[in-house]
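Here the structure is laid out as structure tokens; the discussion comes afterwards.
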Amino acid sequence: MSEKITKLTDFPYSNPGYGRKVAVVGVGSAGCKIAAQLSKESKLLEHFVYLSCDDHDIATITKGEKILVSATATGKSSPTHVRGLAHERIPELRQMLSDSDIVFIIAGLGGCDGSGLAPLVAREARSKGAVSVAVLVMPYIFEKPKHFFAGVALRQVRDLATGVIVIDNDELLAQDMPVIDSYALMNQKIALALNKLLGSTEQHEFSIGLNKVVEFVKSNSYSVMCVGDCQLSEYKQAVMEAAGHFSKIVDTSQASHSLVHLCTEKSITMKDLSASIGGLSGVLGTGSMQIEFGLSANSTTTTTAIIMATGFRTTKFDSYDPIDAALKVFAGNLEQDLDDSPRYESLLSDLEAE
Ligand SMILES: Nc1nc2c(ncn2[C@@H]2O[C@H](COP(=O)(O)OP(=O)(O)O)[C@@H](O)[C@H]2O)c(=O)[nH]1
Ligand SMILES: [Mg+2]
């Protein structure tokens, strides 16, 4: 009997899933937590890799492959330093990704691990010719000392990955909640959003699907993902709440295309759906933005709207890397290779002291 070969175009309907053709790499503390949550929610994504310097990040993970980069001897002073420590583990990472045509990289930026290692994973994916999609969680506005590392890493990943999806921690959740609870809830939200957009297999739902999402983010512009929650019957308000976050992160007029997934009750009608989603082009883009949508009609508690929009040439995070902004004046002066970045990072102490 001939073995069935799963093609990328089978997604999301292939059964059971994609095996090692699609890899999800969780990097650093936030990245590992979000990837682990996604692995619990997704029935289709099967190949998870966890990469961190901190054994806490991977100790409780039971499924998937793990690389623990040792930083015990020297500590870790910067993302560049962590990248150096990870150098000897690159062959292992390469081996883990050897069958993968698409690599999702999930990281929170601003610390040393995610910021140091996400660009490295993107570079590995690129060098083997895989498509890489980075899902990058940006630090809170109050985490000022983390902004510089986050800004540098964002630029590096953007240069190396096929597509970048930015998530702003500041815009993800109400602020009046204990931090520990809020991180867990945020990670759940991010995992839910990715799972629903990429393709879910539950009853009463249809998804935009992995192929379209990958095509969508393949561009030089940033993609941004925001989420809104409302009471069950308030579909339009949930969409508007999610849409309202964009103006804090990007110039909304630059939106060229958006994907919307609504998780709501079974009784939603086509009229409700078009009224809710139709309002979006008044908030994003200049009236002609393309919109595609998916629907999960099996919620009994709240309506959640997930919006991913693309076409943004800049985000508020571009100013997190002020040296890059300054160097843009001198064309050709930008670093060509990742590990030139000590030049910038060594300036961090001066910046932080300001
Ligand atoms: N959404 C979310 N963000 C987190 C979480 N943990 C940390 N962050 C954010 O991610 C950024 C990087 O932190 P962390 O992942 O701990 O750093 P790393 O382990 O050195 O990569 C921080 O600035 C936080 O804003 C988390 O569990 N969920
Ligand atoms: Mg950490």
Original post:
If a residue has to be at pLDDT below 85 and within 12 Å of ligand 1 (Cβ to nearest atom) to count, how many in region 167-221 make the cut?
Top reply: 4
**OP:** Taking the residues in region 34-77 that are assigned to a helix (DSSP H, G or I) and in contact with a helix residue (DSSP H, G or I) (Cβ under 7 Å, 6 or more places away or on another chain) as candidates, determine which candidate is nearest to ligand 2 (Cβ to nearest atom).
**Re:** Asp57
**OP:** Scan region 109-125 for residues that are of a type in the set (A, V, I, L, M) and near ligand 1 (Cβ under 8 Å from one of its atoms) and report the count.
**Re:** 2
**OP:** Starting from region 126-150, keep only residues that are at pLDDT below 95, then list their pairs with residues that are within 16 Å of ligand 2 (Cβ to nearest atom) whose Cβ atoms are within a distance under 8 Å, requiring at least 6 positions of separation or different chains.
**Re:** Tyr140/Asn169; Glu143/Gly110
**OP:** Consider Lys43 carefully, then state whether it is assigned by TED's automatic domain parsing to the domain that holds Lys146, more than 26 Å from Phe148 (Cβ to Cβ), in contact with a strand residue (DSSP E or B) (Cβ under 8 Å, 6 or more places away or on another chain) and at pLDDT below 95.
**Re:** no
**OP:** Residue by residue through region 41-70, note down the ones that are surrounded by 18 or more Cβ atoms within 10 Å (Cβ to Cβ) and within 17 Å of Gly84 (Cβ to Cβ).
**Re:** Leu51, Ser52, Cys53, Ile67, Val69
**OP:** Report those strands (runs of 3 or more DSSP E) wholly inside region 244-318 carrying at least 1 residues which are small (Gly, Ala, Ser) and closer than 17 Å to Asn195 by Cβ.
**Re:** 290-296, 302-312
Original post:
How many residues are more than 7 Å from ligand 1 (Cβ to nearest atom), assigned to a helix (DSSP H, G or I) and at pLDDT 95 or above when one looks only at region 18-33?
Top reply: 1
**OP:** Could you check, for region 97-111, whether at least one of its residues is within 16 Å of ligand 2 (Cβ to nearest atom) and either surrounded by fewer than 24 Cβ atoms within 10 Å (Cβ to Cβ) or among the charged types (D, E, K, R) (or both)?
**Re:** no
Original post:
Within region 79-94, can one find any residue that is assigned by TED's automatic domain parsing to the domain that holds Tyr50 and assigned to a loop (DSSP other than H, G, I, E, B)?
Top reply: no
**OP:** Go over the candidates Val152, Val133 one by one and state the one that is more than 16 Å from ligand 2 (Cβ to nearest atom), surrounded by 24 or more Cβ atoms within 10 Å (Cβ to Cβ) and closer than 20 Å to Ala191 by Cα.
**Re:** Val133
Subject >> Condition check for Thr300: of a type in the set (S, T, N, Q), more than 22 Å from Leu210 (Cβ to Cβ) and either surrounded by fewer than 17 Cβ atoms within 10 Å (Cβ to Cβ) or modelled with pLDDT of 95 or more (or both) >> reply: yes
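The values are calculated or read from the model by the stated rules, or taken from the named source; none is laboratory data. Predicted model only: the values in this text are computed from it and were never measured. Here the Cβ is made from the backbone with ideal geometry for all residues, glycine too, and neighbour counts use every protein chain on show.
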